[in-house]
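Taking it in order: structure first as structure tokens, then the write-up.
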Amino acid sequence: MLKRRTWILIAAGAAVLLALVLAVAARVNSKTIKVAFYGVDQRAQSAIQLEIDEMSLPRVRYYVLDAKAPLPKNVHKKYTMLFANNSFDLNSRAQKLVPANESLFELLPTSIRKATAYGNGHYALPLLLDHFEIAYYQISESKLGLSRPKSYGELLRYLEALKGNVEMPLVCAGAEDKDLFGFVSAMAQLLYGAEGYKKAVAVLRESSNLNKANLPEEITRVLDEIKALQQKELLFPKWTRTSKKDIDYFMQERKIGAVAMLLSQRRDIEYNLVKYYDSDCFPRYDASIERGIVAPQLVAVLLKNKKDSSLILGHLVSSDVQAALSNQSFLAPVASRAEAYDRQADDVRFWAASCAAGPLNSIEQECESAEERRHLLAQKIRAYLEY
């Protein structure tokens, strides 16, 4: 049998070995770039991972956070960098985040830089843009000799002219919460302008106690305008229950004169159907009011100050990589010199750059951080529109 002294020496050696293993593991862990994704579309996530992997960095690990729950409070302690949609919840954490290198923003149009401005600097870097657009059926437009609407009054007259020529002058797949919020957001921005829209959304956010029966007046005014479109049959009355499959069918049967949808949704529609629809941003109610566009932004946020994570940001915002990300994700690039995968994506970047207020978050990004509460708010809006 081994003597007690021998056992003590073995135990001490094992303890030293364990300490060395733990020290090496801690050192490796401290140098590992931990990349987290929160609520990012699978196509965009795959495109970003592919570009990071091609950098051949020594240690990178990927994590997908539960998008049904609010963003964890301690996310800045667990991960190195985060990819997520820009939102009020993310903005509220700005002081705990690592500011992005200001030189990277020189690659973006000025108006797009505003999307993540915080005080005198930036904490998050916009990478890709979605956009809630209105797309016009070119065949009906040409047949009726219609001019593209530049104001809300012109849009109403355009839709009136379509009545009797198509079954649905305007439709939206409002059965999806994202599309419902997108359409309401676009209409609110149309009516209020950028600053008025931000104020209305802030009021909704502050009064978003879902036990209350009433929505704030700033939002019901917008919903009343939408109801007026429904009552005049300029907007399909059942749009709040219309699915994306319904849109495909309506396009196939040539029942639609115009459709409101996301840029990313457009790419999920068969090309032989959607090619006849020309996209545009929603027109303005008052040309004198500063405007933006409802364009959710996919952003990159630094949670820890590491050299490799800063290199990743520089890589992802470079022109060639931006073109690749746009092509793979179906979203619009943000870099000024990047080539867009198609005209619609290039248009979105141009509209975001040319609007003084730049890209704006939608109501869902600004008001609710949990999927369940977003759905309850969407149901509340549907109930008001269907009453």
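Output the residue which, of all residues in region 7-33 that are at pLDDT 65 or above and touching a Lys or Arg at 6+ places or on another chain (Cβ under 9 Å), is most open to solvent (accessible area, probe 1.4 Å).
Per the stated criteria, the residue is Lys31.
So, in region 88-110, exactly how many residues are open to solvent by less than 50 Å² (accessible area, probe 1.4 Å) and closer than 14 Å to Leu127 by Cα?
Qualifying residue count for the region: 5.
Taking Ile293, is it touching a residue at least 40 places away in the same chain (Cβ under 8 Å), closer than 28 Å to Ile139 by Cβ and in contact with a Cys (Cβ under 7 Å, 6 or more places away or on another chain)? So that I can check it myself, show each step before the final result.
Numbers: touching a residue at least 40 places away in the same chain (Cβ under 8 Å): yes; closer than 28 Å to Ile139 by Cβ: yes; in contact with a Cys (Cβ under 7 Å, 6 or more places away or on another chain): yes.
So Ile293 passes the test.
Going by what's in this entry, would Pro58 be described as more than 22 Å from the chain's Cα centre (by Cα) and either open to solvent by 80 Å² or more (accessible area, probe 1.4 Å) or modelled with pLDDT of 95 or more (or both)?
Here the answer is yes, as Pro58 does meet what is asked.
Name the one entry in Ala84, Ala36 that is closer than 20 Å to Glu364 by Cα, modelled with pLDDT of 95 or more and of a type in the set (Gly, Ala, Ser).
Within the list Ala84, Ala36, the selection yields Ala84.
Look through Leu377, Leu385 and report the one residue that is under 29 Å from Ser92 (Cβ atoms), surrounded by 17 or more Cβ atoms within 10 Å (Cβ to Cβ) and among the aliphatic types (A, V, I, L, M).
Values: Leu385 fails: under 29 Å from Ser92 (Cβ atoms).
Checking each option against the conditions leaves just Leu377.
Quick one: count up the residues across region 291-311 that are outside any helix (DSSP H, G or I) and either within 20 Å of Leu108 (Cα to Cα) or among the small types (Gly, Ala, Ser) (or both).
Number of matching residues: 12.
Among all residue pairs at least 6 apart or on different chains, which show Cβ distances below 6 Å where the first residue, located in region 117-132, is within 14 Å of Leu90 (Cβ to Cβ) and the second is small (Gly, Ala, Ser) and at pLDDT 95 or above?
The qualifying pairs are Leu125/Ala300; Leu127/Ala300.
How many residues does region 145-170 contain that are outside any helix (DSSP H, G or I) and open to solvent by less than 10 Å² (accessible area, probe 1.4 Å)?
Result for region 145-170: 4.
So which residues in region 83-116 are among the acidic types (Asp, Glu) and touching a residue at least 40 places away in the same chain (Cβ under 8 Å)?
Once the filter is applied, which keeps residues that are among the acidic types (Asp, Glu) and touching a residue at least 40 places away in the same chain (Cβ under 8 Å), region 83-116 yields only Asp89.
Quick check on region 350-365: of everything there that is open to solvent by 20 Å² or more (accessible area, probe 1.4 Å) and within 16 Å of the chain's Cα centre (by Cα), which residue is farthest from Glu206 (Cα to Cα)?
Among them, the one singled out is Trp351.
Which pairs turn up if I take residues in region 64-76 that are under 10 Å from Lys96 (Cβ atoms) and look for partners that are assigned to a helix (DSSP H, G or I) and open to solvent by 30 Å² or more (accessible area, probe 1.4 Å) with beta carbon separation below 6 Å, at least 6 apart in sequence or on another chain?
His76/Lys96
Would you call Gly145 out of contact with any strand residue (DSSP E or B) (no Cβ under 9 Å at 6 or more places or on another chain), at positive phi and at pLDDT 95 or above?
yes
Run down Ala323, Ala300, Ala295 and say which single residue is closer than 19 Å to Arg43 by Cβ and touching a Pro at 6+ places or on another chain (Cβ under 6 Å).
Testing whether each residue is closer than 19 Å to Arg43 by Cβ and touching a Pro at 6+ places or on another chain (Cβ under 6 Å) leaves just Ala295.
Checking Ser142 against (1) under 30 Å from Lys255 (Cα atoms); (2) open to solvent by less than 40 Å² (accessible area, probe 1.4 Å), only one condition comes out false. Which one?
(2)
What about Gly314, is it assigned to a strand (DSSP E or B) and either β-branched (Val, Ile, Thr) or in contact (Cβ under 8 Å) with a residue 24 or more places away in the chain (or both)?
Spelling it out, it is not the case that Gly314 is assigned to a strand (DSSP E or B) and either β-branched (Val, Ile, Thr) or in contact (Cβ under 8 Å) with a residue 24 or more places away in the chain (or both).
The values are calculated or read from the model by the stated rules, or taken from the named source; none is laboratory data. Since the structure is predicted, the reported quantities are computational estimates derived from the model, not experimental observations. No Cβ is skipped: glycine too gets one built from the backbone with ideal geometry, and neighbour counts run over all protein chains shown. The protein model used for the area step is the full one, side chains on, heavy atoms only, and it has no ligands, DNA or RNA in it. Shrake-Rupley method; radii C 1.70, N 1.55, O 1.52, S 1.80 Å.
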